[in-house]
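Heads up, the thing below is written out as C-alpha cells.
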Amino acid sequence: MPKQITELDIAARIAPAAIRWPSTAIHWEKLKKAVDAIRMLVAAVDANCKVVEQDPDLSLEGIARKRVDIARRALGELVDFAPQRSAESAVASALSLFEAGMIDLPKPPAGLAEVALAQELRAHVRAQQNPAGFVLNHLDDARLVGAVLHAPGFLSGLADEGLNVIRDRSRSALHPEQVQLRKDAEDALEELHRAAAAARRMIVARTDTRLDGDGQVRDNREPGADEIA
C-alpha cells in the first residue's frame, strides 16, 4: 500500500520557503495562494486515496484503477493550474514595474567641456587592458560611466556585450533596493515551480502510478506504452 501523505510532508516538500514570504504586494499574495492551492490539491489526492483504499467493496485491481483516475485528474489539473498561472502573471507585472524603476543611468555629457572630457575618458578606457573590467571597477564615477554608455561601445574599446553588462551593473548599483525586490520575486517564482514539480512526484507516489513518455498515467503494475506496442 502506498505511503499516506501527512501535513508535515506537504509543508516540508512543497515550497517550504513560502513561510518566509512577505505579504507586501499583490504578487506575493498570488504566490502564496498558488502554493496553498497546490498543497490542497495534494492533500485532496491523499484523502481520495484513503476513501478508495478503505472501500470494502473494491478489489485490489479496483483500488488500483480508482487511484489511476485520481492521479489523472490531479495531474491534469496541474498542467494548466489557474492559481499558478495567476501568480506567474502577477510576478511578471511586478518585474516590469521593478525594471521601470531602474531606468535612471548617468546622464550624457552636456556642453563642450563635458563632451571633451567624455572623449578623453573613453580614450582612457580604450587604452586599458580590460576596458569592461576597468569601468565595472569605477561604477561610482558617474562621468566615466555616462561617457561610456552614451556613445558607441567601440569608442571605449567595448563590444556590445560588454556595454550591456556595464549598463546592467550600473543600474543595479544605482537601484539596489529594486534589484533585491526583483531577485526575491524571481526566487519565489522558482520556488513555486519546484512546488508544482514536487506535487507531481507526491501524487504519482501516493497513487502508485507513473506518468509515461506518451503522457498517459498508468498503474505501476501495468506495462508501459513501448511494452504494449
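Quick one: in segment 185-211, of everything that is within 24 Å of the chain's Cα centre (by Cα) and among the acidic types (D, E), which residue is nearest to K3 (Cα to Cα)? Among residues in segment 185-211 that are within 24 Å of the chain's Cα centre (by Cα) and among the acidic types (D, E), the one nearest to K3 (Cα to Cα) is E191.
Among the residues of segment 86-98, is any acidic (D, E), part of a helix (DSSP H, G or I) and touching a Leu at 6+ places or on another chain (Cβ under 8 Å)? If you could, list the steps in order and put the result at the bottom.
Residues of segment 86-98 acidic (D, E): 88.
When the remaining residues are screened for being part of a helix (DSSP H, G or I), the result is 88.
Remaining after also requiring touching a Leu at 6+ places or on another chain (Cβ under 8 Å): 88.
Yes: segment 86-98 contains one or more residues that are acidic (D, E), part of a helix (DSSP H, G or I) and touching a Leu at 6+ places or on another chain (Cβ under 8 Å).
Identify, please: which residue in segment 1-40 is of a type in the set (K, R) and within 28 Å of K66 (Cβ to Cβ) and is, among those, most open to solvent (accessible area, probe 1.4 Å)? That would be K3. Counting only helices (runs of 4 or more DSSP H) that fall entirely inside segment 117-229 and contain at least 3 residues that are under 30 Å from V91 (Cβ atoms) and of a type in the set (D, E), the qualifying elements are 160-174, 176-206. Screening D187 with (1) surrounded by fewer than 20 Cβ atoms within 10 Å (Cβ to Cβ); (2) touching a His at 6+ places or on another chain (Cβ under 7 Å) gives one miss only, at (2). Consider segment 75-104 and keep the residues that are among the charged types (D, E, K, R) and at pLDDT 95 or above. The one that is surrounded by the most Cβ atoms within 10 Å (Cβ to Cβ) is E88. Which ones in segment 160-172 are touching a residue at least 12 places away in the same chain (Cβ under 8 Å) and more than 23 Å from the chain's Cα centre (by Cα)? Passing the criteria: G162, L163, I166, R167, S170.
Note on segment 193-216: among residues that are open to solvent by less than 10 Å² (accessible area, probe 1.4 Å) and β-branched (V, I, T), the one that is nearest to L41 (Cα to Cα) is I203.
On inspection, A173 does not qualify as open to solvent by less than 60 Å² (accessible area, probe 1.4 Å) and closer than 30 Å to I19 by Cα.
The values are calculated or read from the model by the stated rules, or taken from the named source; none is laboratory data. Keep in mind the model is a prediction, meaning the values are calculated, not measured. No Cβ is skipped: glycine too gets one built from the backbone with ideal geometry, and neighbour counts run over all protein chains shown. With ligands, DNA and RNA removed, areas are computed over all heavy atoms of the protein, side chains included. Shrake-Rupley method; radii C 1.70, N 1.55, O 1.52, S 1.80 Å.
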